[in-house]
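Student: Handing you this structure, nothing more for now.
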Amino acid sequence: MSTKPKNIILGISAGIAAYRMYDLVNELKKQGHNVTVVLTKDAKNFVSELPLKVLSGNPVYSEMFCPKEQNKPIHIDLADNADLVLVAPATADIIAKMATGICDELITNILLATTAPVYLAPAMNTNMWDHFTTQKNIETLVTKIGYKIIAPEEGDLACGYSGVGHIAPNERIIKTILLGENEVRPLLGKKVIITAGGTREAIDPVRYIGNKSSGKMGIAIADAAYNLGADVVLISTVYAEKKYQVIEVETAQELQEVIEAEFDKADALIMAAAVSDYKPMKTSKQKIKKKNEDLTLELIKNPDILEILGRTKREKQIIVGFSAESEEMEKNAKEKLVKKKIDMIVANDITVPDLGFGSDENAVIILTKDGQRECLQRQPKIQIAKHICQKLAELFLSIKEAKEV
Ligand SMILES: Cc1cc2nc3c(=O)[nH]c(=O)nc-3n(C[C@H](O)[C@H](O)[C@H](O)COP(=O)(O)O)c2cc1C
């Protein structure tokens, strides 16, 4: 990756993933960057100064009070000369210190003193990562201080656990810090089912009852959820080739069967698909021939998937519904939210020309069961999708907070 050479401070804290920093320093140096390593006192249990010094070609720092005194205190000197600061691995301990401004180590002093961008690559046991305080601290660092998190991955951890907490691969860390990407992935570790498209209910082998849904909104939401780290299952009536799991369905019944098979393991369901309320009582095996008299189709009701799942879902599961309305949009959406016992509803007015069905844009009102209301003016569906997924992440956080209190 060719970018302008940078002065990088690499803070290594005391996690088992510290050994990976030998390779990271080596790679950054090879790419022409100037890396200065700062170790926490406890990190010295995991890595040695000598190889880091040789690999970086710079002194390795750890002590606040250096014997070779310079004009400026060492923490200010390093902080002022940094183009960016990376803490990797970032322990739960150092994350907590950064969130509260504790300066008991050289690296924590540098972090408070620097105005350069700060990146953290957390790594720890799954329960430590999932802990309310760690998540709250991460949220503070991201939203209040502007630090960038290079999210840990799911995998088998050195502590014997399997789950989220594995440090991001060096390749991802380097790409993120050098391109200045923000890698916040608040849906990491969450399994999210998203439905997309419009169901088709067969009348005969060639005809069906369908609707105008193109699947664009649902697919945009699935992409956004995936980018925010979710383990996505997209159940769609339209074909989509994606990096995540896609299950193609046609009828409301197929959709319901797949959702029911997946829902138990899921943390959230976003029902963006337009599901047919009715289906023909009988599907003719042969094409129905045109006759001289009128034809009456008898329709029966499809089960209300949202209503069933809203009633039976676990407390921690989140359901987001959609409400396509042609009149009294907000009133109807609110009623649907309450009646179906779901957590959030996204309402759109289908009478507005060039908006919603088939379009790349939409305008929606988002209502949550705890009374929040947000109005998103006309904008690309991709933006709306990102917003819905951010909102979902907030709902997960509020459930966690309520549980911890
Ligand atoms: C073998 C071992 C491995 C550890 N791995 C981690 C880890 O991966 N992440 C973490 O947050 N803490 C880990 N810890 C705990 C930290 O080392 C401990 O909280 C330490 O005080 C952190 O110091 P520092 O944040 O100042 O570097 C580990 C401890 C031991 C003994």
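The values are calculated or read from the model by the stated rules, or taken from the named source; none is laboratory data. Everything numeric in this text was worked out from a predicted model, so none of it was measured. A quick note on method: Cβ atoms are made from the backbone with ideal geometry, for glycine too, and the neighbour counts reach across all protein chains shown. Please note that ligands, DNA and RNA were not included when accessible areas were found on the heavy atoms of the full protein model with its side chains. Shrake-Rupley method; radii C 1.70, N 1.55, O 1.52, S 1.80 Å.
Student: How much accessible surface does Glu298 have with a 1.4 Å probe, in Å² rounded to 10?
Tutor: The accessible area of Glu298 comes to roughly 120 Å².
Student: Moving on to the next point. If amide H atoms are built 1.01 Å from N in the plane of the peptide, which residues on other chains or at least 5 residues away come under 5 Å of the amide H of Ser323?
Tutor: HN-HN under 5 Å from Ser323: Val346, Ala347, Asn348.
Student: Where does each of Lys72, Lys331 land when they are ordered by accessible area, with a 1.4 Å probe and the largest first?
Tutor: Lys331, Lys72
Student: Gly189's amide H: which non-local residues (gap 5+, or another chain) put their own amide H closer than 5 Å, with H modeled 1.01 Å from N in plane and none for Pro or chain starts?
Tutor: Asp231
Student: So what is the calculated 222 nm ellipticity per residue for the chain, using -39500 (n - 2.57) for each DSSP H run with n of 4 or more, over all residues, to the nearest 500 deg cm²/dmol?
Tutor: -9500 deg cm²/dmol
Student: A follow-up question, please. How far, in nm, would the chain grow between Lys301 and Tyr239 when pulled straight, counting 0.36 nm per residue and subtracting the alpha carbon separation?
Tutor: Between Lys301 and Tyr239, full extension yields an extra 19.7 nm.
Student: Shifting gears a bit: Taking θ = phi - 60°, what integer Hz values does the Karplus form 6.51 cos²θ - 1.76 cosθ + 1.60 yield along region 118-127, in sequence order, with x for Gly and Pro?
Tutor: Coupling constants for region 118-127: 10, 10, 10, 10, x, 8, 5, 4, 4, 5 Hz.
Student: Among the listed pairs Lys29/Lys386; Lys6/Lys44; Lys190/Lys334; Lys216/Lys340; Lys4/Lys216; Lys136/Lys265, give every one whose C-alpha distance is greater than 30 Å.
Tutor: Numbers: Lys29/Lys386 36 Å; Lys6/Lys44 25 Å; Lys190/Lys334 26 Å; Lys216/Lys340 24 Å; Lys4/Lys216 39 Å; Lys136/Lys265 25 Å.
Pairs exceeding the cut-off: Lys29/Lys386; Lys4/Lys216.
Student: Could you identify which residue out of Leu55, Leu299, Leu269 has the top mean-square fluctuation in a GNM of the chain using Cα springs shorter than 10 Å?
Tutor: Per the Cα network of the chain with a 10 Å cutoff, Leu299 tops the list.
Student: Right, another one. Give me the net charge for the shell around His387: Cβ to Cβ below 12 angstrom, other residues only, Lys and Arg +1, Asp and Glu -1.
Tutor: +1
Student: Between Asp130 and Asn292, what length in nm is gained on full extension when 0.36 nm per residue of separation is reduced by their alpha carbon distance?
Tutor: Between Asp130 and Asn292, full extension yields 51.6 nm more.
Student: Counting only the heavy atoms of the protein chains, how much of His131 is accessible to a 1.4 Å probe, in Å² to the nearest 10?
Tutor: 90
Student: Now a separate question. Between Glu171 and Arg207, how high is the FRET efficiency from 1/(1 + (r/R0)^6) when r is the Cβ-Cβ distance and R₀ = 56 Å? Nearest 0.05.
Tutor: Efficiency, rounded to the nearest 0.05: 0.60.
Student: Give the residues of region 121-139 whose amide nitrogen is closer than 20 Å to a point set 7 Å from the Cα of Gln372 in the direction of its Cβ.
Tutor: 132-139
Student: Mind jotting down the distance between the C-alpha centroids of region 163-217 and region 301-365, whole Å?
Tutor: 19
Student: How much net charge surrounds Leu157 when only the other residues with a Cβ under 14 Å from the Cβ of Leu157 are counted, with Lys and Arg +1 and Asp and Glu -1?
Tutor: It works out to a net charge of -3.
Student: In debye to the nearest 20, how big a dipole does the chain give about its Cα centre with +1 on each Lys and Arg Cβ and -1 on each Asp and Glu Cβ?
Tutor: 460
Student: So if each residue of separation counts as 0.36 nm, and I subtract the Cα-Cα distance between Glu394 and Asp83, what length gain in nm does that give?
Tutor: 108.8 nm
Student: If you keep only loop residues by DSSP, which chymotrypsin sites (Phe, Trp or Tyr not before Pro) in region 198-269 have at most 16 other Cβ atoms within 10 Å of their Cβ?
Tutor: Tyr239, Tyr244
Student: Continuing with the same structure: For region 191-404, what relative contact order do you get, as a whole percent, if you take Cα pairs closer than 8 Å and at least 6 residues apart? Walk me through the numbers before you get to the answer.
Tutor: Values: 404 pairs, mean separation 42.7, N = 214.
Normalised by residue count, the contact order of region 191-404 is 20 percent.
Student: What residues have an amide H closer than 5 Å to that of Val352, excluding those fewer than 5 places away on the same chain, when H is modeled at 1.01 Å from N in the peptide plane?
Tutor: none
Student: Determine ³J(HN,Hα), in whole Hz, for all residues of region 55-60 in sequence, where each value follows from phi through the Karplus function 6.51 cos²θ - 1.76 cosθ + 1.60 and θ = phi - 60°; x replaces Gly and Pro.
Tutor: Residue by residue, region 55-60 yields 5, 8, x, 10, x, 9 Hz.
Student: Could you calculate the FRET efficiency of Met281 with Glu330 from 1/(1 + (r/R0)^6), where r is the beta carbon distance between them and R0 is 41 Å, rounded to 0.05?
Tutor: So the FRET efficiency works out to roughly 0.75.
Student: Can you give the relative contact order of region 7-179 as a percent, counting alpha carbon pairs under 8 Å and 6+ residues apart?
Tutor: 22
Student: Along Cα→Cβ, 7 Å out, is where each label goes; now give me the distance between the ones at Glu361 and Thr115 in nm to one decimal.
Tutor: Between Glu361 and Thr115, the simple spin-label model gives 3.9 nm.
Student: If contacts are Cα pairs under 8 angstrom and at least 6 residues apart, what is the relative contact order of the chain in percent?
Tutor: With pairs under 8 Å counted, the relative contact order is 10 percent.
Student: Can you check what the net charge comes to around Lys301, using other residues whose Cβ is under 13 Å from the Cβ of Lys301 (Lys, Arg +1; Asp, Glu -1)?
Tutor: Net charge in that neighbourhood comes out at -4.
Student: Further, regarding this structure: Which value, in Å² and to the nearest 10, is the accessible area of Glu105 when all protein chains are kept and the probe is 1.4 Å?
Tutor: Glu105 has an accessible surface of roughly 20 Å² with all protein chains in place.
Student: Of all the accessible heavy-atom surface of the chain, with the other protein chains kept in place and a 1.4 Å probe, what percent is carbon and sulfur?
Tutor: Numbers: 10290 of 20550 Å².
Here it works out to 50 percent.
Student: Here is a follow-up. Any idea of the accessible area per residue across the chain, 1.4 Å probe, to the nearest Å²?
Tutor: For the chain, the per-residue accessible area is 51 Å².
Student: Next up: Using the scaling law 2.2 N^0.38 Å as the reference, what is the normalised Cα Rg of the chain?
Tutor: 1.22
Student: Would you kindly derive the ³J(HN,Hα) couplings of region 129-134 from the backbone phi angles with the Karplus curve 6.51 cos²θ - 1.76 cosθ + 1.60 (θ = phi - 60°), listing them in order in whole Hz, with x for Gly and Pro?
Tutor: Per residue, the Karplus-derived 3J(HN,Hα) values read 5, 6, 4, 3, 5, 4 Hz.
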